[in-house]
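Working notes, beginning with the structure itself.
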Amino acid sequence: MVGCSFGEFMKHTMYAAILLMGVALVLTGCSTASTQQGARAKPEMIIHPGEAARPEVMTHHGTTNKPPRTSEETASTTSTTNKPAIPIRTMTVALPQGGKTELVYIPALDGWAGKYEVTNQEYRKFDPRHNSGFYKSYNLNCPRQPVCEVSFSNALAFCEWMNKACAATIPTGSCFRLPDKKEWMTLAQSGDNRSYPWGNEWPPTQGNFGDMTLKDAFPSWQVIDGYRDGFVVSCPVELSGTNSLGLYGVGGNVWEWTSERNGSARVIRGSCWNITIRDLLRCLYSCSCEPSDTSNDVGFRVMLMPDPTLSTNKLPVSVKAPTTKRY
């Protein structure tokens, strides 16, 4: 600079350098944001039977053991025991009289599983007179609670009814049925051979089991110390805990009938709202019941599989309405 001292020259030079550095930082930030925005994945297409394809994406987010207020809060809470969020394919099948069944595609099985355990609301489309009743003074019969007091034979009859009622909307050559052992284990272990439906750690991180809330209602009961799911008995299926496959309540809430046999008995899996013993909560644990048994903690989940010849759940014509309880 002409006519300025060396000190003034250095002062002006520093100001210019600072200004140039600020401009460079702004340009770098804009470039990074643009690159990240362009790298976002496109949403997956979820196609519902009878509807046009629409661009949506459903991603899994696990839940914690804190009792959620709403299903939206449940979906937005991240669990450390499940896999990162992945796209999940879903399908909704309409039931008669305005009902619906929601299904999730399971790639390892090349078939669909009920997103939730069958609810009282769904089951009453099949049997309007059904009543899941109470445990003590606690209601088990609300529309979005899982149906209970249903036998294996009842569950088969529901699947057969679904096959007829939904024949026009389900994929050709597929049928509703109960899961077999391998299928149920695939649903429970989420593809990683975990020990429990929520992971490998103890106590549970999610799911409706025999918790401190149960002890609040029944002080003499032994429960899972330090775990609180917020429900005394079965809870709405949307609040029963979810896994990385996008399925709810695979462990806890109610036991689930399967097509697995043990002699003349049938096998239930998954434990329920009153189970507190650690080994009984493992994915591998099962219990055998007579096909006519019913209980206030046993329900079921449906599968929609592509090959009807795989179904072993054929309802005998001679089956009568159940009259006995498991306990």
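Throughout, read-outs are computed from the coordinates displayed, never taken from laboratory work. These figures come from a predicted structure and were not determined experimentally. Please note: Cβ atoms are built from the backbone with ideal geometry, for glycine as well, and neighbour counts cover all protein chains shown.
To the nearest 20 Debye, how big is the dipole of the stretch 148-248 about its Cα centre, given +1 on the beta carbon of each Lys and Arg and -1 on that of each Asp and Glu?
Values: 7 positive and 11 negative charges, 59 e Å.
For the stretch 148-248, the charge dipole is close to 280 debye.
Select from Gly241, Ser153, Ser190 the residue farthest towards the positive end of the dipole of the stretch 115-248; place +1 on Cβ of Lys and Arg, -1 on Cβ of Asp and Glu, and compute about the Cα centre.
Going by the Cα projections, it comes out as Ser153.
When a/c reaches 1.5 or more, the comparison of a/b and b/c decides; with that in mind, is the stretch 131-263 rounded, prolate or oblate per its Cα gyration tensor? If you can, show how the numbers build up before the last one.
On the way: a/c = 2.15, a/b = 1.42, b/c = 1.51.
Oblate, since a/c reaches 1.5 and b/c is not below a/b.
Label the stretch 187-231 by shape, choosing from rounded, prolate and oblate, from the square roots a ≥ b ≥ c of the eigenvalues of the Cα gyration tensor; if a/c is under 1.5 it is rounded, and otherwise prolate applies when a/b is larger than b/c, oblate when it is not.
Numbers: a/c = 3.36, a/b = 2.70, b/c = 1.24.
Judged from the Cα gyration tensor, the stretch 187-231 comes out prolate (a/c at least 1.5, a/b above b/c).
Among residues other than Thr119 whose Cβ falls under 12 Å from its Cβ, what is the net charge (Lys/Arg +1, Asp/Glu -1)? Before the final figure, lay out the partial values.
Values: positive: Lys100, Lys115, Arg124, Lys125, Arg144, Arg301; negative: Glu102, Glu117, Glu122, Glu238.
Neighbour charge sum, excluding Thr119 itself: +2.
For Glu102, Glu201, Glu149, what's the fewest-to-most ordering of other Cβ within 10 Å of each Cβ?
Details: Glu102 17, Glu201 12, Glu149 20.
The fewest-first ordering by Cβ neighbours comes to Glu201, Glu102, Glu149.
Arrange the following residues from fewest to most other Cβ atoms within 10 Å of their Cβ: Arg269, Arg301, Arg89, Arg261. Display every interim value, and only then the final one.
Numbers: Arg269 23, Arg301 28, Arg89 17, Arg261 14.
Ordered from fewest to most neighbouring Cβ atoms within 10 Å, Arg269, Arg301, Arg89, Arg261 come out as Arg261, Arg89, Arg269, Arg301.
Specify whether the C-alpha gyration tensor of the stretch 124-208 places it in the rounded, prolate or oblate class, a ≥ b ≥ c being the square roots of the eigenvalues: rounded for a/c under 1.5, otherwise prolate if a/b is larger than b/c and oblate if not.
Working: a/c = 2.66, a/b = 1.18, b/c = 2.26.
The shape class here is oblate.
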